[in-house]
Each structure stands twice: as structure tokens, then as C-alpha cells.
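Have a look at the structure below before the remarks.
Read-outs: derived from the displayed coordinates by stated rules, not from any lab. All values reported here derive from a predicted model rather than from experimental measurement. Every residue, glycine among them, receives a Cβ derived from its backbone with ideal geometry; neighbour counts consider all protein chains shown.
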Amino acid sequence: MAEQVTILSGGLSTELEAAGLLIQGDPLWSARLLHTNPQAIKTVHTNFLRSGAEVLSTATYQASVEGFKQHLGLNFDEAANLFTVAVQQAKESAEDFTRQCSEKRRIVIAGSIGPYGAFLHDGSEYTGSYVKDMSIEELKDWHRIQMKCLAAAGIDLFAFETIPSQKEAEALVQLLREFPNQRAWLSYSCQSASMTSFGDRFDEAVSIAAGSTQLMAVGVNCCSPAFVGPLLSSANKKQRQKIDWIVYPNSGEKWDHKLGWRGSNTDKAISEYALEWIQLGARWIGGCCRTTPTDIASIQDILRTIKS
């Protein structure tokens, strides 16, 4: 089974913060650096590749054409071009790493699409409260332009990530049909070992994957690693579709919109959970906020141990 596991990268934005870049609290978060310091993003991408990552997610989680226009004063074309910059930084990191490394490794470029709440910059990306007042068509209209920009820039697949509700997930899966040559993964954020951040039952929310031939994985990200095993176990009891699980939790801390990252409900390293996740069917494993290149290297070490 370990041979079938693909290693994702870790917390891009929190690594940028660890490097001394002041982006926490910024309405664009790491996406601002696409305009002011794209080299910093490339450096973090490279660090994750050196740690064993096989997938790079673009620095577009909190990016939107409207957000770039509002917070950077750009026109439409200038804002849209920053998505191309994001993809270029990831591709250049992959190309430079491959050229300098004797190890043969195909690196996947995933175009990050965060929830609508990330644009709102009010913490609602971790509650999904906004979906109560939005239709599926309105959610599709919001995400369409970002997806168009990333697809045009040449991503390998979309990463629909930290999605708090089944409703927004349904909008994204429907919208994906407008991009017939693209595939995607879908990962929910979860508030507990059974519920999405909005309060949908996870084992029911993931059933959305059964109706899509374009989704290649479904799962969870940016929640406590302690939640992942129970979430997959509950869903495995109900699901019959043949689709891979993708899991990339954070370090166990919880985001507070006013206070930042607070507390942790686990004292185990993320790599200590990896074997359990593989046994439950996870085939894409990595980390989200507050996970480091060292965490990714530890997951890679676990896989090497299993293979040997």
C-alpha cells in the first residue's frame, strides 16, 4: 500500500510566516506575496520538495480576482495574471528541483481553490455560515473565475480545499464539469471526528464524490490529525465508491480569527498517524497549517520503513 501513497506538501503560509514574512491577518494571506515577493513562495515550495513532497499546491488558497482588485488596487487583467504567477512559481520550483536532483520524481501542480469564506476574511471559512445565504449558483459564480485563471495557467489538477460545507462542495463539483479536461481533489474542513465545519455529517458529505468522474480523491484537511482516523473509519462503513482518500490535517491547533492559532488536542507528530491513515485507505497524505518540511520528511520516512 505504501507504494501507492502520494506525499503532499505542508503549510505554505505558516512556513512563510516562520520565515519572518508578516502575512497573518492579511486579507490576502500568502497570496499577497504573489505581488510583492513571489521568490519567497518559490523558496518554501523548494523546501517541501527537498523533504519529499510530490505535490505542490499553488499560493492561491485565499486568492481571488476581486480580492486582488480590492486589496492591491489592480485591474482585472493584472489580478488574473497573479494566478499565472502562482502556477509559474510552483512549476519553476519543480523544474529546478528535478534538474538538480538525481531522484526521478513526478511533481504534481495543484491549483488551490479555497472556500468563499477565505475571501470574506472573517473566520467564516471555518464555519461555512455564509452558505445559508448563498445559492449553489451564486457559489459557482464566485469560484468560476478563479478556476478559469488556474486552468489557463496550466495546473495538473484543482485542489478544492478546506471546504466547510457539503453545499459549497456540491457547487464546486458541479462547476468542475465546465472544465472537462481537468481533475480535482475535494477536501473538507471538519470541526470534530464526525462533522464538517458547517455541521454536515462527514460520512454523508463525502458521498458527493460518487457522482463525479473528475474527482480523483476526497477527504479532509486543516483539522486536527486526531480527527482523521475516526472520520475515515465512519465514512468507510458507508461508502462503496472506488475513490482514494486524501488527508492533510494541521498540527492540531485551532484557528481563532482574533487570536490566531490556539492550543492543540494532540501531542503526537503527524507522521505517527500516517500508518493508520494508510490502512484506512488514504492514498494522498500531507500537512496543512503549522506543518513543516520536517513533518513531511517524517511521513516520507514512515513510508520508506513500510516499503522496506
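So for the range 1-108, what are the equivalent ellipsoid semi-axes in whole Å, largest first, each being the square root of 5 times an eigenvalue of the Cα gyration tensor? The partial results should precede the final answer.
Numbers: eigenvalues 145, 41, 30 Å².
The equivalent ellipsoid of the range 1-108 has semi-axes of 27, 14, 12 Å.
Under the rule of -39500 (n - 2.57) per DSSP H run of 4 or more residues, summed and divided by the residues of the chain, what mean residue ellipticity at 222 nm is obtained, to the nearest 500 deg cm²/dmol?
Values: 12 runs with 128 residues, N = 308.
My calculation for the chain gives -12500 deg cm²/dmol from helical runs alone.
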For the pair C101 and R177, the simple spin-label estimate (label points 7 Å beyond Cα toward Cβ) gives in nm 3.8
Amide H of D244: which non-local residues (sequence gap of 5 or more, or other chain) have their own amide H closer than 5 Å, using H built in the peptide plane? V218
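Output needed for the range 131-231: three equivalent-ellipsoid semi-axes, defined as square roots of 5 times the C-alpha gyration tensor eigenvalues, in descending order, whole Å.
Values: eigenvalues 105, 46, 27 Å².
Rounded to whole Å, the semi-axes are 23, 15, 12.
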How much net charge surrounds W284 when only other residues with a Cβ under 12 Å from its Cβ are counted (Lys, Arg +1; Asp, Glu -1)? -2
Quick one: if you stick a label point 7 Å off each Cα along the C-beta vector at L120 and A269, how many nm between them? 3.8
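Subtracting the Cα-Cα distance from 0.36 nm times the residue separation, let me have the gained length for N236 to S194 in nm, one decimal. Intermediate results must be reported in sequence, preceding the final value.
On the way: separation 42, 0.36 × 42 = 15.12 nm, distance 1.23 nm.
Roughly 13.9 nm would be gained on extension.
What is the magnitude of the charge dipole of the range 50-106 about its Cα centre, with +1 placed on the Cβ of each Lys and Arg, -1 on the Cβ of each Asp and Glu, and no other charges, expressed in debye to the nearest 20? Could you put the intermediate results ahead of the total?
Details: 7 positive and 8 negative charges, 59 e Å.
With only Lys, Arg, Asp and Glu charged at Cβ, the dipole is about 280 debye.
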Out of L34, N75, L49 - ranked by how far each Cα lies towards the positive end of the dipole of the range 25-109, with unit charges on the beta-carbon of charged residues - the top one is L49
May I ask which residue of C288, A209, A18 lies farthest towards the positive end of the charge dipole of the chain, with charges of +1 (Lys, Arg) and -1 (Asp, Glu) on Cβ and the Cα centre as origin? A209
On average over all directions, what projected area in square nanometres does the chain have, based on the convex hull of its Cα atoms? 14.6
Hey, can you grab everything whose amide H is under 5 Å from the amide H of V55? Only 5+ residues off in sequence or another chain; H modelled, so Pro and N-termini drop out. S9, V108
